[in-house]
Amino acid sequence: MTRLTFYSGLLDCGPIHKGPLVFDADVIKNEPMFFSADARYAFAHGGPITSVFLDAVLRKCGARPEDVIIDTRSHMLMPGWYPCIPGWHLDDVPRTRLDGQPDHANPAYRARHYMAIFGDASRTEFAQGKIELEDVPEGSGKVVYGEWHRDIEALVENGAVQVEAVREGHLIAFDWQDFHRGAPATKDGWRWFGRATVGSKRKVTNEIRKQVQVYMPAPNAGW
């Protein structure tokens with residue numbers, strides 16, 4: 001069985017904007033949400049949060065507009081709700097295996113990402129440390145991240161891997177080997193999430209989305 005090694009973490013590139021920058025609920029809930037959009041389209045059709053975020057990515061990180069794919073989401077959260085599917089995972093690893101699972105052993109490309117959040121109800125968490133995992137055999141019927149989530153949780157519990165939450169309003173850099181997870185909301189609040197990807201071979205669709213999902217550990221939680 002193939003054993004894979006990841007050096008997981010995050011790079012905090014500092015505040016997106018000089019001086020205090022806080023977007024209130026009205027701004028966050030009215031910000032357009034993008035799926036697989038290019039930078040020029042997002043600049044043209046986005047609101048103030050998208051503009052500030054993309055400007056920081058291009059200015060601080062030297063990314064070219066033509067190389068960037070952006071995805072954004074705005075959530076209204078209540079305590080215990082997740083803004084994404086819970087569990088440790090990696091972003092944009094090509095799903096080229098015959099079983100539709102991500103191919104970590106021989107990926108067709110390796111992307112890097114920049115992200116930020118506004119609203120502190122739920123702060124994305126990164127695993128910090130060396131992580132060795134057994135690859136899940138193709139055709140086994142098992143979900144890769146489902147298996148690996150349990151393995152990483154065990155590493156966290158025994159202290160071999162640390163967990164660090166991102167800071168609101170900071171530009172965070174990470175790539176194909178940096179495990180992270182959405183955290184359950186700790187309070188009521190609006191949350192904006194943006195991710196700019198460089199080096200991906202995903203198709204640009206320039207889609208503006210009008211709906212977004214929340215996830216709960218129990219189907220009746222919060223109602």
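Would you mind working out the magnitude of the charge dipole of the chain relative to its Cα centre, with +1 at each Lys and Arg C-beta and -1 at each Asp and Glu C-beta, to the nearest 20 Debye?
Details: 26 positive and 29 negative charges, 110 e Å.
Here the size comes out at about 520 debye.
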**Prompt:** Which label marks the calculated value of Kirkwood radius over Cα pairs in Å, given the options (1) 18.7; (2) 17.7; (3) 18.2?
**Reply:** (3)
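Determine the sum of side-chain charges near residue 48: Lys and Arg each +1, Asp and Glu each -1, restricted to other residues whose C-beta is under 14 angstrom from that of residue 48. Walk me through the intermediate numbers first.
Details: positive: 29; negative: 24, 26, 31, 55.
Once all neighbours under 14 Å are counted, the net charge is -3.
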**Item:** Qualifying lysines (Cα of each under 22 Å from Cα of residue 187; at least 8 residues distant if same chain)
**Value:** 29
**Prompt:** Near residue 134, within a Cβ-to-Cβ distance under 10 Å, what is the net charge of the other residues, with Lys and Arg +1 and Asp and Glu -1?
**Reply:** -3
**Top positive-direction residue, dipole computed over the chain with Cβ charges, set 118, 25, 52** = 52
**Asked** Whose amide H sits under 5 Å from the amide H of residue 123, counting only residues 5 or more places off or on another chain, with H placed in the peptide plane?
**Response** 183
**Prompt:** Short version: ³J(HN,Hα) in whole Hz for each residue of the stretch 109-126, in order, from phi by Karplus 6.51 cos²θ - 1.76 cosθ + 1.60 (θ = phi - 60°), x for Gly and Pro, what are they?
**Reply:** 7, 10, 8, 10, 9, 10, 9, 7, 10, 10, x, 9, 5, 9, 10, 3, 10, 10
**Message:** Could you compute the net charge surrounding residue 66? Neighbours are other residues with a C-beta less than 11 Å from the C-beta of residue 66; K and R count +1, D and E count -1.
**Reply:** 0
**Request:** Would you mind computing, in nm to one decimal, how far apart the modelled labels at residue 188 and residue 35 are, each placed 7 Å from Cα along Cα→Cβ?
**Result:** 3.0
**Message:** If a paramagnetic tag sat 7 Å from the Cα of residue 17 along the Cα-Cβ line, which residues of the stretch 147-190 would have the backbone N under 19 Å from that point?
**Reply:** 167-172, 190
**Request:** Leaving ligands, DNA and RNA out of it, work out the accessible area of residue 110 with a 1.4 Å probe and give it in Å² to the nearest 10.
**Result:** 130
**Message:** Students sometimes get this wrong: rank 5, 186, 72, 96 by accessible area, probe 1.4 Å, all chains present, largest first.
**Reply:** 186, 96, 5, 72
**Request:** With everything on Cα atoms, drop me the angle between helix 48-61 and the longest principal axis of the chain, reported from 0 to 90° to the nearest 10.
**Result:** 60
**Fill in**
If one compares the long axis through the Cα atoms of helix 144-157 with the longest principal axis of the Cα atoms of the chain, the angle in degrees, nearest 10, works out at 90
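The values are calculated or read from the model by the stated rules, or taken from the named source; none is laboratory data. Model, not experiment: these values are computed from the prediction. Note that we place each Cβ from the backbone using ideal geometry, even for glycine, and neighbour counts take in every protein chain shown. All accessible areas refer to the heavy atoms of the entire protein, side chains included, with ligands and DNA or RNA removed. Shrake-Rupley method; radii C 1.70, N 1.55, O 1.52, S 1.80 Å.
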